[in-house]
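Working notes, structure below.
What follows draws every value from the coordinates through simple rules; no lab data is involved. What you see is a predicted model, and the numbers here were worked out from it, not measured in a lab. Cβ atoms come from the backbone with ideal geometry, glycine included; neighbour counts cover every protein chain shown.
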Amino acid sequence: MFHRAVEVTFREGTVLEVLFQDGAVKQYDLRVLFEKYPQLRALEDRELFRSGKLMGPYGIIWNEELDLETETIYQDGITIRREALPSDQTAARAVAHARAQAGLSQRQLAELTGIDQSDISKIERGVANPSLSTLERIASALGGKLTVSIRMPESA
């Protein structure tokens, strides 16, 4: 399973900080790759390093020669904290996880639900705000059931 990156921050030196869809914030120093991939030494240039962009949820790209899969950061990086994700990210994570467990592609889920594949993609990326009825259709198509809960703070 690949972990989806949501946001990248360029820290001091060649250190990346990446927020993943599961709420994990991982830190990774690219210097560990310099011996294996000497071309990455170019990222010691601060301007070039800071020019990187998150290209979709699975990679960071600087130019045509320099890129890095975010899965490397997830697997080998240091978890520095966990963040509570907004509800749209929680729904996104739940839909993507349930679909993956069902072994379906987005296109197959679209066919089962009558929801356009591009809309399913937006839901899974957390850029759409699906209605409860849309989430129910997805859950039903996956053989599951939608549950909603409200967590109240514990009294002091």
Q | Residue identified as in contact with a Gly (Cβ under 7 Å, 6 or more places away or on another chain), touching a residue at least 24 places away in the same chain (Cβ under 8 Å), in a strand (DSSP E or B) and not polar (S, T, N, Q) among Ile80, Ile60 | A | Ile60
Q) Can you tell me which residues in the stretch 87-97 are surrounded by fewer than 18 Cβ atoms within 10 Å (Cβ to Cβ) and touching a residue at least 24 places away in the same chain (Cβ under 8 Å)? A) Asp88
**Q.** Selection status of Ile73, among the hydrophobic types (A, V, I, L, M, F, W, C) and either in contact with an Asp or Glu (Cβ under 6 Å, 6 or more places away or on another chain) or in a strand (DSSP E or B) (or both)
**A.** no
Q. Could you list, in sequence order, the residues of the stretch 20-47 that are among the aromatic types (Phe, Trp, Tyr) and in contact (Cβ under 8 Å) with a residue 40 or more places away in the chain?
A. Phe20, Tyr28
